[in-house]
Amino acid sequence: MTIENDSPAVLRDNVEVAAALGRRYEAGFVTDIETDSLPPGLSEDIVRKLSALKGEPEWMTEWRLKAYRHWLTMPTPHWAKLNIAPIDFQAISYYASPKNRPKSLDEVDPKLLEAYDKLGVPLHERAKLAGVAVDAVFDSVSVGTTFRKELAEVGVIFCSMSEAIREYPELVQKYLGSVVPTGDNYFAALNSAVFSDGSFVFIPKGVRCPMELSTYFRINAGHTGQFERTLIIAEDGAYVSYLEGCTAPMRDENQLHAAVVELVALEKAQIKYSTVQNWYPGDEEGRGGIYNFVTKRGDCRGDDSKISWTQVETGSAITWKYPSCVLRGDRSVGEFYSVALTHHRQQADTGTKMIHIGKGTKSKIVSKGISAGRSSNSYRGLVKVEKGAEGARNYTQCDSLLIGKKCGAHTFPYMEVKNPTAIVEHEATTSKISDDQLFYCRSRGIGEEDAVSMIVDGFCKQVFRELPMEFAVEAKKLLEISLEGAVG
Amino acid sequence: MSQSPAPLPFIEGLRDASSLRLPGSGHAWLDTARRENLEAFVAAGLPDTRAEAWKYTALRALGQRRFALGDAGAAKHAVDPHALVLPGVDGPRLVFVNGVFRADLSRLDALPVGLTLQPLSQVLEQDPEALRFALSRHYRETSDVFARLNAALSGDGVVLRVAAGARIGKPVQLCFVGAPAQSELAWHARNVIELGEGSELNLVEHHLSTTQNKHLGTLVSDIAVHDGAQLQHVLLQNTADDSTLIRRSSLHLGAKSHATLYALELGGALARHDLHAELRGNEARFDTRGVFVLRGRQHVDTQLSIRHQALNTASESIWRGVADERARGVFRGAIVVAQGADGSDASLSNKNLLLSTLAEIDTKPELEIYADEVKAAHGATVGQLDERAMFYLRSRGLPYTEARALLTAAFCRAVFASLPNETLRDYFSDAVIARLP
């Protein structure tokens, strides 16, 4: 039994029910839909079949094969502070798609729509009210993208990656893999070989995207992995704000999610990328849950460009994720705001990289980690100032909050500075919710759980402020739900 | 792990090491420990920069060099005794030249009551059994490769014991001197230091060279500070600019004990110090203050790790770095608070000045926290001198270089403000200024 929770509208409708059943992962339902999937296993053959199934051109197949061959030569990385059981890549099915492929949104299987409805993702008329354009990815394929006509009027391309490969091959060829090369790291190489779908966004010169763009990822079928690929390009002076949300059903097995997100910001362009990650985290004993290995990187190619990452990470059994900015253009700006919450036996190793290459580049990192239960939560970050980055500036702040005696909170910041005019600053603190704070709240008649969630909310405020309003409300609620049972 | 087909010259140079006769040879357990450590070192080779502990310190160049096994003439090198004198340090002294004990330079007469101070070579010849535990250790971490080599080849060093309750007033000075020899050589020294319950000791560790040399020195120190004992450890590293010095110090602190380390790193082409402290007893406290001032192509790497594993323990670390010309300064400051170590209070600050476009600073403060009743914080910065302060000084007629030296010295000086030995404090200050451009 489950309840939907992810959009504020739905949230409001269901507050009472949610309160009653709140201690559950609320997106954990399975939608009974016929799926087409490839048999489990990974080989060149599977990569070819996958590419053929998607009707991809030859160059794309070759690109995938190159990545696959490279992946075979790479060792699994072990540097993260994560305890991961070996992953059997042959037991995973690399492609699952709902059987009745819709031609347009109106033909989308009602069961699917219902599933997104439960999640609170506005795919239809509700979308109009919410004013957010959505690309919904169900298992391996995109099932619908809303508001395409409105966006096309201003020249914005927003579609699934599969479509982009067919319709805009020259753009895809130019930018795909230019930020995260196929052999960048183990999981990025795997993704490059087998990615099934994802979103493609292109904002032409000087256009300010008229609405928030959003992708909703959902893993539904069992024994599958989800490998999506997102590519966002903002041409000179363009602006876009992009939201990403994720959920999966509750299952005993661990499912693999290995995504790659590439952002390209040309001169004076701005990209704001927000994520609320709520993959199934596993149960109290750590059974099941998503293994989330994500490579996200933004390239500030043009002068005066800006890329801002905001993430709220509450889900996944394992999170391995380092949204980064390559500050190539002079005076370009990179930002990273993160709240990562782990509970029960979740493990997160997340942070960012800021690579200062251009002159006068600036970066800011605000990371808030909350660990509860028996979880482990690490911040791992790199600030690198190259020789030519005259006057580069970085400020990093990492705070950890511990709730309980059996959890761990760790900070691993790397600073490499090669320019004498750069200023790099890092500060970190670790503490628990103080008895004084709790006592103060309780003496004013606030229950313990409410007090904790108030304090946590205050702790995360700096990050929530960066989220678009609807997402901020959702994120706050998500933290509350995730923390239930953490105290007392 | 490096697995080049042809063995590295460095490893090649160790071919005859197993037949080397070292002090204590003939004791079965010691021979076994030495042999096993040597085999382990040769089998593993030198780690590359993919190993986290050596990420910023490449050993490739070192691997291409071949060092002679010890120095047969170490007992005869002329060393000016005045070079060993540090102002404000006038207690007992133990001197090692190229890793070999020199009675003629040492000062071991009239040792205060409660202090036992002997060269390791002597103890090994007389009664090595007492050191069995310390010397038969195996090192498994990648960061400890040189400790393995040291365990295999060290035959001298310091054995120091302070009896329970004894308060040693005068500072004890340990000098490690590099002197030119026939060829580039490697020396290995081993210290075992123990402070009995409630005792007090001031220790001054001094690394220096008579003239330029390209030796490799390794030093492994085990320091046990028992319940209620107090240790003040001053470390002045001013070895030859072309030499390589690799040290590993490990401290164990008992209940209510307090150790303070003051480190000034000035010399060496490659100087590495792995400093591990374990706060094992309740209310133990460990404070560190350190400065490195680098120029030329110097590479200095300090790896500090402090482990809080008892109740109400505290640590405070303040480190400053200055890198000029083509120098590279590396710092890692890791604080671990183990499960159950409630009431721990840990702070670390690492500030660095980068003075040249070819210099580099790599710093990595780390926190690993497994307990919730803790206060832990760290901060690190890399930057340059305050422009306004520079302007102020220059507007008052100070030439650029002088203004820069003054501000840099002030930046470093704060670290040693709490050093009780005033004469030594001033000496440190002058030594810093002397290193500045």
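Structural remarks
- Only helices (runs of 4 or more DSSP H) whose full extent lies in the stretch A:1-116 are considered here, and the ones with at least 1 residues that are of a type in the set (D, E, K, R) and modelled with pLDDT under 75 are A:8-13, A:15-21.
- Flag for B:Ser305 being within 15 Å of the chain's Cα centre (by Cα), within 14 Å of another protein chain (Cβ to nearest Cβ) and closer than 28 Å to B:Thr142 by Cβ: yes
- Count - residues of the stretch B:255-300 that are among the small types (Gly, Ala, Ser), within 17 Å of B:Leu203 (Cβ to Cβ) and surrounded by fewer than 24 Cβ atoms within 10 Å (Cβ to Cβ): 1
- Only a single criterion out of (1) in contact with a His (Cβ under 7 Å, 6 or more places away or on another chain); (2) within 26 Å of A:Ser482 (Cα to Cα) is not satisfied by A:Thr319, namely (1).
- You will find that of B:Ala58, B:Ala72, the residue that is part of a loop (DSSP other than H, G, I, E, B), free of Cβ contacts under 8 Å to residues at least 24 places away in the same chain and within 21 Å of the chain's Cα centre (by Cα) is B:Ala58 and no other.
- Those residues of the stretch B:80-105 which are more than 19 Å from B:Val172 (Cβ to Cβ) and surrounded by fewer than 18 Cβ atoms within 10 Å (Cβ to Cβ), in sequence order: B:Asp80, B:His82
- Tally of residues being touching a residue at least 24 places away in the same chain (Cβ under 8 Å), under 22 Å from the mean Cα position of the chain (by Cα) and loosely packed, with under 12 Cβ neighbours inside 10 Å across the stretch A:47-84: 2
- So B:Val220, is it under 12 Å from the mean Cα position of the chain (by Cα) and modelled with pLDDT of 95 or more: yes
- Residue within the stretch B:347-355 that is part of a loop (DSSP other than H, G, I, E, B), more than 28 Å from A:Gln347 (Cβ to Cβ) and either more than 10 Å from chain A (Cβ to nearest Cβ) or hydrophobic (A, V, I, L, M, F, W, C) (or both) present: yes
- Matching residues, the stretch A:430-488, being touching a residue at least 60 places away in the same chain (Cβ under 8 Å) and β-branched (Val, Ile, Thr): A:Val456, A:Val463, A:Val473, A:Ile481, A:Val487
- Qualifying position, being closer than 24 Å to B:Gln126 by Cβ, modelled with pLDDT under 90, aliphatic (A, V, I, L, M) and touching an Asp or Glu at 6+ places or on another chain (Cβ under 9 Å), among B:Ala75, B:Ala6: B:Ala75
- Subset of the stretch B:123-147 (residues that are among the polar types (S, T, N, Q), in contact (Cβ under 8 Å) with a residue 40 or more places away in the chain and more than 16 Å from B:Ser221 (Cα to Cα)): B:Thr142
- Failed criterion for B:Thr116 (all others in (1) in a loop (DSSP other than H, G, I, E, B); (2) loosely packed, with under 15 Cβ neighbours inside 10 Å; (3) at pLDDT 95 or above hold): (1)
Here's the yes/no breakdown for (1) at pLDDT below 95; (2) crowded, with 21+ Cβ neighbours inside 10 Å; (3) farther than 17 Å from A:Lys54 by Cβ:
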site: A:Asn191; (1), (2), (3): yes, yes, no
site: A:Ser196; (1), (2), (3): yes, yes, no
site: A:Arg208; (1), (2), (3): yes, no, yes
site: A:Glu212; (1), (2), (3): yes, no, yes
site: A:Gly225; (1), (2), (3): yes, yes, no
site: A:Ala234; (1), (2), (3): no, yes, yes
site: A:Leu243; (1), (2), (3): yes, yes, yes
site: A:Met250; (1), (2), (3): yes, no, yes
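- Those residues of the stretch B:87-96 which are within 20 Å of the chain's Cα centre (by Cα) and at pLDDT below 95, in sequence order: B:Val89
The values are calculated or read from the model by the stated rules, or taken from the named source; none is laboratory data. Since the structure is predicted, the reported quantities are computational estimates derived from the model, not experimental observations. Here Cβ is always computed from backbone atoms with ideal geometry, including for glycine, and neighbour counts include all displayed protein chains.
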